[in-house]
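In what follows, a single structure is set out as structure tokens and then discussed.
The values are calculated or read from the model by the stated rules, or taken from the named source; none is laboratory data. These numbers were taken from a predicted model, which means no experiment stands behind them. Note that we place each Cβ from the backbone using ideal geometry, even for glycine, and neighbour counts take in every protein chain shown. Side chains included, ligands, DNA and RNA excluded: accessible areas come from the protein's heavy atoms. Shrake-Rupley method; radii C 1.70, N 1.55, O 1.52, S 1.80 Å.
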Amino acid sequence: MKKQFKNILYVITATVSLSLVVQPIASAESLSDLKSKQQELDQKKSKLNSNINEKSSKIKYNKSKQEKINKQIQKLDNKIIKTDEKISIVKSTIAQTTSEIEDLQTSIKDLEKKIAERDALLQERARAIQEGGGSINYVDVLFGASSFGDLIDRFSAVNTLLDADRKILQEQADDKKSLEEQQKKLEEKRKKQIENRDRLEDLKKSLDSQKSSKNKLIDALEREQSKLKSQKKSLQKEYSEAIKVSKKVQKEIQNEQARLAERARKEAAAKAKAKSKSAYVSNVGESGDIPTVSSGTWTRPTTGRVTSNFGWRDIGSGPEIDYGIDIANSVGTPIVAAADGVVFRASPLSTYGNVIMITHSIEGKTFTTVYAHLSGYKASAGQSVSKGEVIGYMGQTGRAFGSHLHFELHTTAWQGQKVGAVDPRRYISF
């Protein structure tokens with residue numbers, strides 16, 4: 001019995017001893033696993049932070065790159081504006097020279113007619129003298145007088161004939177000299193006209209090259225903006241003016257614009273047919289800075305500083321897309337039509353505030369321009385407007401942080417902000 005008890009006690013003691021030995025080993029293994037997992041988590045966290053920092057660095061670099069591209073675009077815009085001004089001056093010179101050439105051609109025709117008529121008269125007089133037996137002997141005429149009174153009459157007649165002959169000959173000589181001078185002047189002007197037209201062609205080629213370079217930069221800018229979008233998921237918040245319109249309003253806008261687009265097309269065709277010599281638009285009575293009307297189809301819609309370009313931006317409520325260009329200036333600054341067209345809306349609309357929308361028909365294609373946040377209107381729906389004509393005034397209505405014009409250009413009829421929206425700098429220099 002004692003022996004059995006001793007065996008049981010031995011077993012119990014061994015078991016307890018074993019448990020005391022095994023337990024610390026198990027705890028040590030669990031702690032090691034936890035530490036290992038913690039290290040893995042720390043590594044993942046470190047890698048994640050590294051990725052975040054790398055993305056942030058890329059985004060920062062991307063934004064910096066965009067700013068550089070925007071500066072390059074602005075430099076090209078300045079060159080394009082100067083080239084446009086030179087083209088306008090050369091075109092004006094060509095038009096003036098053309099008018100002067102036409103006047104000279106008319107004057108030369110008149111002189112040639114007069115000279116030809118005098119030549120005929122002098123030939124007639126020479127023929128009469130020849131038929132009368134030679135030159136007229138004015139002394140015989142005077143001595144053939146029958147009385148003193150007859151002598152005076154004959155003397156007066158002879159003087160008149162002599163004066164008439166001298167006058168005809170002098171006029172003929174003067175007109176021939178004038179004709180020679182005018183023909184020389186005409187040739188000089190024609191030569192100058194050819195030089196001006198060659199210069200105009202060179203300027204146009206330079207302008208096309210500058211615009212092509214600008215469009216390549218805009219393409220590069222849009223590629224960078226696309227990268228930015230893919231690099232940061234938080235950039236999914238795509239809105240600018242947050243335009244929200246009901247389906248009914250949208251349908252009404254589309255129907256009205258479709259009707260006015262056809263009208264704009266007809267008016268554009270009529271203007272092209274009856275192309276006037278001057279594209280000057282009178283804005284008599286306007287105060288404030290009115291932008292210079294540039295040559296070509298499009299012109300800048302207002303004066304002021306560009307505060308936001310087409311594409312991604314952050315104005316305090318997170319990253320968003322700006323579907324146009326923002327130009328800041330004082331309230332009341334005149335806004336002009338960017339091209340010939342028909343106004344299809346001039347009224348408040350969602351966060352656009354007071355807005356004007358114009359339908360343009362250019363080479364058979366429909367375009368739309370949008371002018372938002374206006375303080376007032378000078379054009380109404382259904383009105384035809386010309387490029388450079390004042391249509392409204394800058395303001396701060398709708399979703400606007402300070403007085404500015406939000407300007408959009410769409411290569412389609414207006415079907416909301418996103419449809420057909422392009423960087424206006426592809427068509428206009430700012």
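So which of LYS82/LYS185; LYS71/LYS91; LYS63/LYS214 end up more than 23 Å apart by C-alpha?
Violating the 23 Å Cα-Cα cut-off are LYS82/LYS185; LYS71/LYS91.
Working note: Karplus 6.51/-1.76/1.60 with θ = phi - 60° gives the range 106-119 the couplings 5, 5, 5, 4, 4, 5, 4, 5, 4, 4, 5, 5, 5, 4 Hz, where Gly and Pro are set to x.
Full-extension gain between SER212 and LYS75, please, as 0.36 nm times their residue separation minus the C-alpha to C-alpha distance. Can you show the working numbers first?
Working: separation 137, 0.36 × 137 = 49.32 nm, distance 1.37 nm.
So the extension gain works out to 47.9 nm.
The amide H of GLY324, built 1.01 Å from its N in the peptide plane, has GLY311 as neighbours under 5 Å, considering only residues 5 or more places off or on other chains. Full extension of the chain between GLN170 and ARG127 gives 13.5 nm of extra length, using 0.36 nm per residue less the Cα-Cα distance. Protection proxy ranking for 353-359, 214-220, using the average of other Cβ atoms within 10 Å per residue and placing the highest first: 353-359, 214-220. A convex hull fitted around the alpha carbon atoms of the range 389-430 yields 122 Å³ per residue.
Once you've got the Cα coordinates, tell me which of LYS79/LYS216; LYS109/LYS191; LYS79/LYS189 are over 23 Å apart. List each step's numbers first, then the result.
Numbers: LYS79/LYS216 16 Å; LYS109/LYS191 20 Å; LYS79/LYS189 30 Å.
Where the Cα-Cα span goes over 23 Å, the pairs concerned are LYS79/LYS189.
For the range 420-430, backbone phi angles converted through the Karplus equation (6.51, -1.76, 1.60; θ = phi - 60°) give residue-by-residue couplings of x, 6, 10, 5, x, 5, 5, 10, 10, 9, 10 Hz, Gly and Pro being listed as x. Summary of packing: across the peptides 69-80, 381-392, the per-residue average of other C-beta atoms within 10 Å ranks them, highest first, as 381-392, 69-80. Evaluate E = 1/(1 + (r/R0)^6) for ASP119 and ARG199, where r is the Cβ-Cβ distance and R0 equals 51 Å; express this FRET efficiency to the nearest 0.05. Once the sixth-power term is evaluated, E becomes 0.75. Counting protein heavy atoms only, the range 296-424 has 51 percent of its accessible area on carbon and sulfur, 1.4 angstrom probe.
So if each residue of separation counts as 0.36 nm, and I subtract the Cα-Cα distance between ASP110 and GLU67, what length gain in nm does that give? Let's see the in-between values first.
On the way: separation 43, 0.36 × 43 = 15.48 nm, distance 6.42 nm.
Here the segment from ASP110 to GLU67 would lengthen by 9.1 nm.
When a/c is below 1.5 the answer is rounded, else prolate if a/b is larger than b/c, else oblate, so apply that to the range 287-430 with a ≥ b ≥ c taken from the square roots of the Cα gyration tensor eigenvalues. Judged from the Cα gyration tensor, the range 287-430 comes out rounded (a/c under 1.5). Our coupling estimate for the range 166-179, obtained by passing each phi through the Karplus curve with A = 6.51, B = -1.76, C = 1.60 and θ = phi - 60°, is 4, 5, 4, 5, 5, 4, 5, 5, 5, 5, 5, 5, 4, 4 Hz, Gly and Pro reported as x.
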